[in-house]
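Below is one structure, written out as structure tokens, with a few remarks after it.
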Amino acid sequence: MASGNKNKKREMQELFPEHTIVVPGDEGIDFNPDETGDSFYENSIIKAKALYDIVGCPVLADDSGICVDALDGAPGIYSSRYAGPDFMRGRPDGTKIPQAEQNRFLIEQLNDAIAGGKNVTPDSKNGLFPNGPRSARYVCAMVLYMGPGRIYVSQETMEGTIIEDPADQRGENGFGYDPLFFLPQYGKTSAEISPEEKNAISHRGKAAKIMKCIAKCLWGENEN
């Protein structure tokens, strides 16, 4: 798997228990490609191809992040680098701020946008604000890179909202923005539900389910 994120590796291992998930660091491979794409799936393909070029065998990759409707989809593909309203795409020197600061900045920036009169009218055509003014979603684009010309992509979301106060962040499970991402159907944040519950409804879990169907078709093709 084309990732250096231990939390992603753990979740992917839970989602693909029939396989052993191996990341570059496990094999002593220095892996840090420039993610220059304009979308989740473009960055996912960049990572997958970069690792495929090193190992020469099928690679699984994912690119994911959180998109807030009232912030026009930000931080989106810059979720891991987001450093507040002054550095929406990350700091110029490339350094990252602690996750706790990212969470606080995101909540405060959303509060300011709504207080400033941001248009938060539900837009069913474009899928915006399905859960009200604080609507947000996690997005995951997962790629199975079988080689040049054989690329399979599944992209899914997990819908929810952003809590109103940094002090209300809750939960010890998950990672990243999970403590501030509220799931109305559970009445809990993404960090409060169990890994099994999360994997059943998450952006990554749903994308993995589709990818399993794709892989099953490919294996059947190979067997024939």
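The values are calculated or read from the model by the stated rules, or taken from the named source; none is laboratory data. What you are looking at is a predicted structure, and each value in this text was computed from that prediction instead of being measured. Backbone-built Cβ (ideal geometry, glycine too); neighbour counts: all protein chains shown. Ligands, DNA and RNA are stripped out before the accessible areas are found, and what is left, the full protein with its side chains, is counted by its heavy atoms. Shrake-Rupley method; radii C 1.70, N 1.55, O 1.52, S 1.80 Å.
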Next on the checklist: List pairs: first residue in region 186-201 and free of Cβ contacts under 8 Å to residues at least 24 places away in the same chain, second residue open to solvent by 40 Å² or more (accessible area, probe 1.4 Å) anywhere in the structure, Cβ distance under 6 angstrom, at least six positions apart or on different chains.
Outcome noted: Ala191/Asn173; Glu192/Arg170; Ile193/Tyr186
Item to check | Output for region 153-168, where each listed residue is within 23 Å of Ile77 (Cβ to Cβ) and either assigned to a loop (DSSP other than H, G, I, E, B) or in contact (Cβ under 8 Å) with a residue 40 or more places away in the chain (or both) | outcome: Val153, Ser154, Gln155, Glu156, Thr157, Met158, Ile162, Ile163
Next on the checklist: Let me spell it out: the conditions are (1) farther than 20 Å from Gly65 by Cβ; (2) touching a Lys or Arg at 6+ places or on another chain (Cβ under 7 Å), and Gly132 meets all of them except one. Which number is the exception?
Outcome noted: (2)
Item to check | Some residue of region 11-33 being of a type in the set (Gly, Ala, Ser) and either open to solvent by 80 Å² or more (accessible area, probe 1.4 Å) or touching a Cys at 6+ places or on another chain (Cβ under 6 Å) (or both) | outcome: no
Item to check | Subset of region 55-79 that is surrounded by fewer than 24 Cβ atoms within 10 Å (Cβ to Cβ) and either in contact with a His (Cβ under 8 Å, 6 or more places away or on another chain) or of a type in the set (Ser, Thr, Tyr) (or both) - its residue that is farthest from His203 (Cα to Cα) | outcome: Tyr78
